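This report refers to the structure that appears directly beneath it.
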Amino acid sequence: MPQTRSFDPYTENGGTILAIAGQDFSVIAGDTRQSEGYSIQTRYAPKVFRLTDRAVLAVNGFAADGNMFVKKVKQRLEWYRHAHAKDMPLRAIARLIQTMLYAKRFFPYYVYNILGGIEEDGTGAVYSFDPVGSYEREACRAAGAAQSLVQPFLDNQIYFKNQVPAPGTTHPAYLSLPDVLSIVIDSFTSATERHIEVGDGLEIYIVFAKTRDLQDFETIRAKNVHLIQELTVAEDGERIFVLRRDLKKD
Amino acid sequence: MDHFPTNWGRPRNDAFDAYGTYPIQQRPNNIKDNFNGVQRTQQPIVTGTSVLAIKYKDGIMMAADNLASYGSLARFKDVQRLHAVGNHTVLGASGDMSDFQYIQSLLDDLIIEEFTEQDEHTLGPAEIHEYLSQLMYGRRSKLNPLWNSLLVGGYKDGKRFLAYVDLLGTTYSASTIATGYGSYIAQPLLRKAVEGREDTLTEREAQAILEESLLVLFYRDARSLDKYQIAKVTESGVSISESMALRTSWSFAEGIRGYGAQTQ
Amino acid sequence: MSIMEYNGGSVVAMVGKGCVAIASDLRLGNQALGISSNFQKIFPITDHIYLGLPGLATDVTTLKEQFRYRVNMYTIKEEREIEPEAFAHLVSSTLYERRFGPFFIEPVMAGLTKKPSGEYKPFIAASDLIGCLNFAKDFVVAGTASSKLFGVAEGLWEPGLEPEDLFETISQTLLNAVDRDAYSGWGAVVHVM
């Protein structure tokens, strides 16, 4: 059998992403480490990006494809804005991502996408995709190097799987923002402990529906003033914040 | 009209293929050219090893040795692997040197075009890096890469810039970056010396840590050379030094006995 | 596919306050086909040591008998019951004997070490298929769902859990992890010592 060496156009850059939908908010998080093999390329390479005031896209897998894909999605959103004088609704962005990914079905973007944000009806939403565009709306999803570590933890904490409610009560249909943030932070600290490609830093994007009262968030913000930044552009619409934290660097 | 009998249909077998439909008649492929079609996927031939770069107080410093290897042969020992691009940027290349020369000519054309515009806008390191990222990613997407790992460093409008792009189109930015063996051997040394101190690290300290790293690389990387250059980019522009020599010490060699544990 | 994944199955052990727990699923499969939902993978070695054997099922049966023999010989010769740490080293040497044709098992041990004062100290350990021991202080995992077990255990475990709480923690760890693994599940068993 003759052997040939050929150029592999893909590589894996590690990292993990996670998104959880609340009733009127959505949380999308990713660590900031970019690695190749056993080397850390950089401790800060963002994987989560604001698309619009109501949509955030996290991309994970092969970073060159991920960054290029985000660029192309942003370009399509800008064309939509010029053509329709409004931002693209979240479920439309999800469908757009499917068609963009499937267009390269025979030389795929090697990225696992998670789109999070606020739907037209004001509910929190998470859409997750495979590299060739298969997608689904879910309450929560983890992707990337530590997916197998994080997803079962989320099944237990978000969907209350294998848990029986106390007699006479039911499990809450939606979790509060502080609970969701704790689960996100614990997921990443756990993943950092047990997976070498996860660590360095954590960026959590929070998107709030237009109608949502931000009281509970303001208390969190007051305690973490220098860690939280607002990214909202428009007035009177959805609001979007990013919370940055450190993760272990080893 | 096909004159070659071996390209004509072979006899059919009435038992299972009465109309001679299988295999599907193939038209002969008589195209011939020196490259058997298009040349794509490659291997690097004449190569440069590590490039190192750091951010320091006044800007960026980048270092690379003067060697272009031909496999294990140290073929060209006076090669400049650091290239100034305009007044704000320096590009350091490892990997295939012919692909680097092609990139240099593309960038030179770009700078000339920009110059002729005379619109008071100059291409800064961020633009050069973006251009190279798109170039490299585009070539990898045609499965015909420019086989390099490039470091782009620069200083413009009071801001320092340092980023990496390679043959896959992978990019990243940090305050210390190294390519090739440098990413294993030099990067830990650079991170220890620089991380957290980018705004106070002096020019002398920056040069010292780069030289120390190049020294360790010369000891440990079998495809390196003890002749090197350092480029500096600050608000006053780009300057690439003359070639300098590393001061190595091999006197320990006389004391070696055996292959490792032996001391007598 | 890997021989370690042929039959499927997973085991986890955790340390608590004055107690240990070890748990496993009950599945035996032939690749994707499930055959038994009653396949035991955790065996008592002494009153104070339990051994979990995830991996190739034929080796589970062989090793459990091998260890029964070796521990009996130990008891006869030493005229005392084997302690967990000694047993762990016995596991290690038994596996390393087959270094170049190993058993396809990654053993997990849980036990209580008898201290001179008469008190019992919690003990857990794990090994790779050629005998490299891991003496963890918190928890150990093995099997086809090991990466999932790592994730949930790291999220749920905390030091100083009382027996009732340790039971809940290890159960939730096992259940939620195996529910994400096609080759583990079909029942579970938990031992708390």
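Any idea how many residues of segment A:19-57 are assigned to a strand (DSSP E or B) and more than 30 Å from residue B:188 (Cβ to Cβ)?
14
Listed residues A:158, A:118; which is crowded, with 18+ Cβ neighbours inside 10 Å, away from every other protein chain (no Cβ under 14 Å) and of a type in the set (Val, Ile, Thr)?
One residue alone meets the criteria, A:118.
Mind telling me which of the residues B:58, B:96, B:108 ends up being closer than 17 Å to residue B:234 by Cα and either away from chain A (no Cβ under 14 Å) or under 17 Å from the mean Cα position of the chain (by Cα) (or both)?
Going through B:58, B:96, B:108 in turn, the sole match is B:58.
Of everything in segment C:167-183 that's small (Gly, Ala, Ser) and within 11 Å of another protein chain (Cβ to nearest Cβ), which residue is farthest from residue C:9 (Cα to Cα)?
So, considering only residues that are small (Gly, Ala, Ser) and within 11 Å of another protein chain (Cβ to nearest Cβ), the one farthest from residue C:9 (Cα to Cα) is C:171.
So in segment B:138-156, with the set limited to residues that are of a type in the set (Lys, Arg) and touching a residue at least 60 places away in the same chain (Cβ under 8 Å), which one is farthest from the other protein chains (Cβ to nearest Cβ)?
Once the filter is applied, the top-ranked residue is B:156.
Could you pull out the residue among A:70, A:59, A:27 that is farther than 30 Å from residue B:146 by Cα, more than 10 Å from every other protein chain (Cβ to nearest Cβ) and under 13 Å from the mean Cα position of the chain (by Cα)?
A:27
Within segment A:42-67, can you find the residues that are of a type in the set (Asp, Glu) and touching an Asp or Glu at 6+ places or on another chain (Cβ under 8 Å)?
The one that is of a type in the set (Asp, Glu) and touching an Asp or Glu at 6+ places or on another chain (Cβ under 8 Å): A:53.
Which of the strands (runs of 3 or more DSSP E) contained wholly in segment C:25-141 include at least 2 residues that are under 13 Å from the mean Cα position of the chain (by Cα) and under 18 Å from residue C:170 (Cα atoms)?
Ranges flagged: C:42-46, C:49-52, C:108-114, C:120-127.
Can you tell me which residue among B:206, B:231 is more than 20 Å from residue B:80 (Cα to Cα) and surrounded by 15 or more Cβ atoms within 10 Å (Cβ to Cβ)?
B:206
Specify the residue that is farthest from the other protein chains (Cβ to nearest Cβ); the eligible residues are those in segment B:186-214 that are polar (S, T, N, Q) and over 18 Å from residue B:231 (Cβ atoms).
Within segment B:186-214, the match that is farthest from the other protein chains (Cβ to nearest Cβ) is B:200.
Pull up segment A:136-153, narrow it to residues that are closer than 21 Å to residue A:25 by Cβ and in a strand (DSSP E or B), then point me to the one that is nearest to the other protein chains (Cβ to nearest Cβ).
A:142
Kindly indicate whether residue B:214 is touching an Asp or Glu at 6+ places or on another chain (Cβ under 8 Å) and part of a helix (DSSP H, G or I).
Judged against the criteria, residue B:214 is a match.
So which pairs qualify, if the first residue must be in segment C:146-166 and at the interface with chain A (Cβ under 7 Å from one of its Cβ atoms), the second must be among the polar types (S, T, N, Q), the Cβ gap must be under 6 Å, and the two must be at least 6 apart or on different chains?
Partner pairs satisfying both residue conditions: C:147/A:148; C:148/A:148; C:152/C:173; C:152/C:176; C:154/A:190; C:155/A:190.
Any idea which residue in segment B:61-80 is nearest to residue B:125 (Cα to Cα), counting only those that are without any contact (Cβ under 8 Å) to a residue 60 or more places away in the chain and under 17 Å from the mean Cα position of the chain (by Cα)?
The qualifying residue nearest to residue B:125 (Cα to Cα) is B:79.
Would you confirm whether or not segment A:167-177 contains a residue that is in contact (Cβ under 8 Å) with a residue 24 or more places away in the chain, over 17 Å from residue C:149 (Cα atoms), touching a Phe, Trp or Tyr at 6+ places or on another chain (Cβ under 8 Å) and away from chain C (no Cβ under 14 Å)?
Yes, segment A:167-177 has at least one match.
Being out of contact with any Leu (no Cβ under 6 Å at 6 or more places or on another chain) and in a helix (DSSP H, G or I) is the filter here; which residues of segment B:170-184 pass it?
Within segment B:170-184, B:183, B:184 meet the criteria.
Being touching a residue at least 12 places away in the same chain (Cβ under 8 Å) and hydroxyl-bearing (Ser, Thr, Tyr) is the filter here; which residues of segment B:93-111 pass it?
Hits for segment B:93-111 are B:94, B:98, B:102.
Within segment C:54-62, is there a residue that is surrounded by fewer than 12 Cβ atoms within 10 Å (Cβ to Cβ) and more than 13 Å from residue C:191 (Cα to Cα)?
no
Within segment B:63-101, count every residue that is assigned to a loop (DSSP other than H, G, I, E, B) and of a type in the set (Gly, Ala, Ser).
Selection size over segment B:63-101: 3.
Please find, within segment B:157-179, the residue that is farthest from residue A:60 (Cα to Cα) out of those that are crowded, with 20+ Cβ neighbours inside 10 Å and more than 11 Å from every other protein chain (Cβ to nearest Cβ).
In this case the residue turns out to be B:160.
Just checking, which of A:94, A:64, A:85 is under 17 Å from the mean Cα position of the chain (by Cα) and of a type in the set (A, V, I, L, M, F, W, C)?
Going through A:94, A:64, A:85 in turn, just one is under 17 Å from the mean Cα position of the chain (by Cα) and of a type in the set (A, V, I, L, M, F, W, C): A:94.
Taking the condition in contact with a helix residue (DSSP H, G or I) (Cβ under 8 Å, 6 or more places away or on another chain), within 14 Å of chain B (Cβ to nearest Cβ), more than 27 Å from residue B:195 (Cα to Cα) and of a type in the set (A, V, I, L, M), does residue A:111 pass?
yes
Residues that are within 14 Å of another protein chain (Cβ to nearest Cβ), crowded, with 19+ Cβ neighbours inside 10 Å and in a loop (DSSP other than H, G, I, E, B): does segment A:183-197 have at least one?
yes
Scanning for something free of Cβ contacts under 8 Å to residues at least 60 places away in the same chain, within 14 Å of chain B (Cβ to nearest Cβ), part of a strand (DSSP E or B) and farther than 24 Å from residue A:231 by Cα, does segment A:3-14 turn up at least one residue?
The answer is no; no qualifying residue exists.
Filter segment A:43-56 for residues that are surrounded by fewer than 21 Cβ atoms within 10 Å (Cβ to Cβ) and within 14 Å of another protein chain (Cβ to nearest Cβ); which is farthest from residue B:177 (Cα to Cα)?
It comes out as A:46.
No value in this document is a laboratory result; all are computed from the given coordinates. All figures in this text were calculated on a predicted structure; none of them were measured in a lab. Because the Cβ atoms are built from the backbone with ideal geometry, glycine has one as well, and the counts that use them run over all protein chains shown.
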